[in-house]
1. Apply the a/c threshold of 1.5 to the C-alpha gyration tensor of segment 104-147 and tell me whether it is rounded, prolate or oblate.
2. Taking the mean number of other Cβ atoms within 10 Å as a proxy for protection, how do you rank 256-265, 128-137, 48-57 from highest to lowest?
3. Give or take rounding to whole Å, what are the principal axis extents of the alpha carbon atoms in segment 175-282, in descending order?
4. Rounded to the nearest 500, what is the 222 nm mean residue ellipticity of the chain from helices alone, with -39500 (n - 2.57) per DSSP H run of 4+ residues and division by all residues?
5. Using the Cα gyration tensor of segment 219-280, with a ≥ b ≥ c the square roots of its eigenvalues, what is the shape: rounded (a/c below 1.5), prolate (a/b larger than b/c) or oblate (neither)?
6. First select every other residue whose beta carbon is under 10 angstrom from the beta carbon of PHE162; then total the charges, Lys and Arg +1, Asp and Glu -1.
7. Using just the Cα positions, wrap the chain in a convex hull and report its mean projected area in square nanometres, one decimal place.
8. Can you find, among SER231, MET267, LEU247, the residue farthest towards the positive end of the dipole of segment 219-280? Put +1 on the C-beta of Lys and Arg, -1 on that of Asp and Glu.
Amino acid sequence: MSEWDYAATGYGGLGMPESVEVDPSILTEPSPKILLMGSRRSGKSSIYRVLFSKMSPHETLFLDSTNALEISRIANNKLITFQIWDFPGDFDPRGEFQYGDAVVGPATAYEGTTAVVICVDAQDELEGSHLQRIVDTAAVASEVNPNVQLHIFIHKVDGDLFPSEDEKLETKTNLHSLISDHLEENNIHIPFTYSLTSIYDNSISECFSKVVQKLIPTYHVLENLLNTLNSNCNLEKSFIFDVMSKLYLATDSSPVDLQTHELCSDMIDVVIDISGNVFLQP
Ligand SMILES: Nc1nc2c(ncn2[C@@H]2O[C@H](COP(=O)(O)OP(=O)(O)O)[C@@H](O)[C@H]2O)c(=O)[nH]1
Ligand SMILES: [Mg+2]
């Protein structure tokens with residue numbers, strides 16, 4: 001299999017088995033990690049499966065809950081090479097946990113190039129215990145690794161509860177101040193990014209792209225190259241996409257609007273469909 005082939009191990013690519021195989025050798029690999037944390041049913045596994053195993057959003061309704069840590073390798077190309085750690089909801093961020101026969105502690109989880117994505121269910125009340133878990137995660141992650149990147153996904157901003165952008169922005173403002181006040185009270189001064197996400201639209205792909213971009217050491221070089229490309233070729237906007245996951249790895253320095261991103265994403269599907277048909281012709 002070439003480095004450009006889809007290779008999310010544990011799934012063996014585009015299949016949808018029930019669980020991801022345990023492979024303790026993954027713990028010693030130096031690749032960057034994205035840790036998916038957050039309360040039970042907040043949507044962590046759905047995000048992973050929609051983005052990386054091509055599960056349709058509606059199929060996630062039938063996902064079993066995750067009982068133990070699941071780690072998958074994503075290795076689509078040289079820039080998109082990382083591990084995704086999908087945690088069970090009741091995980092204690094300060095404690096040790098079992099991965100196969102290995103016991104993994106915070107030092108292993110948060111060390112190296114690591115992004116922590118904490119999912120918060122926007123359709124549910126944020127309970128005190130969940131708020132405390134966010135604070136504990138931030139505290140222990142930054143103790144172990146001051147360079148850890150922390151992201152809050154205010155997730156499930158779709159359906160009847162969010163008929164317009166106004167409701168989404170109001171929820172974001174409320175949760176942002178609730179979480180940052182709580183961090184402040186606990187003397188934790190670490191920057192978080194806050195994003196509004198849903199698996200039912202392009203927002204999850206857009207926001208996850210930004211998480212991945214921060215793990216790419218050459219991101220600013222790519223950004224500058226795209227700026228030069230735009231001015232030399234008179235382009236309005238340019239992206240570098242990973243075709244398999246449809247995440248964008250880089251874009252020029254002008255702001256991204258969701259519609260342009262969505263259009264590019266749809267065009268990738270068209271190109272894949274057409275090229276599939278062309279190459280399948282005898
Ligand atoms: N409305 C809505 N439901 C979602 C979204 N993401 C996940 N879900 C649902 O949330 C439930 C729990 O998802 P799951 O991924 O198992 O949560 P986990 O326990 O955090 O891994 C499932 O029924 C999903 O269909 C979303 O963006 N919007
Ligand atoms: Mg899960």
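1. Prolate, since a/c reaches 1.5 and a/b exceeds b/c.
2. Values: 256-265: 14.6, 128-137: 17.0, 48-57: 19.4.
Per-residue mean Cβ counts within 10 Å order the peptides as 48-57, 128-137, 256-265.
3. 66, 34, 24
4. Theoretical 222 nm ellipticity from helices: -11500 deg cm²/dmol.
5. prolate
6. With Lys, Arg at +1 and Asp, Glu at -1, the neighbours total -4.
7. About 16.4 nm², averaged over all directions.
8. SER231
We did not get these values from a lab; they are worked out from the coordinates using the rules stated. Predicted model, so just to flag it, every value in this text is computed and none were measured. Here Cβ is always computed from backbone atoms with ideal geometry, including for glycine, and neighbour counts include all displayed protein chains.
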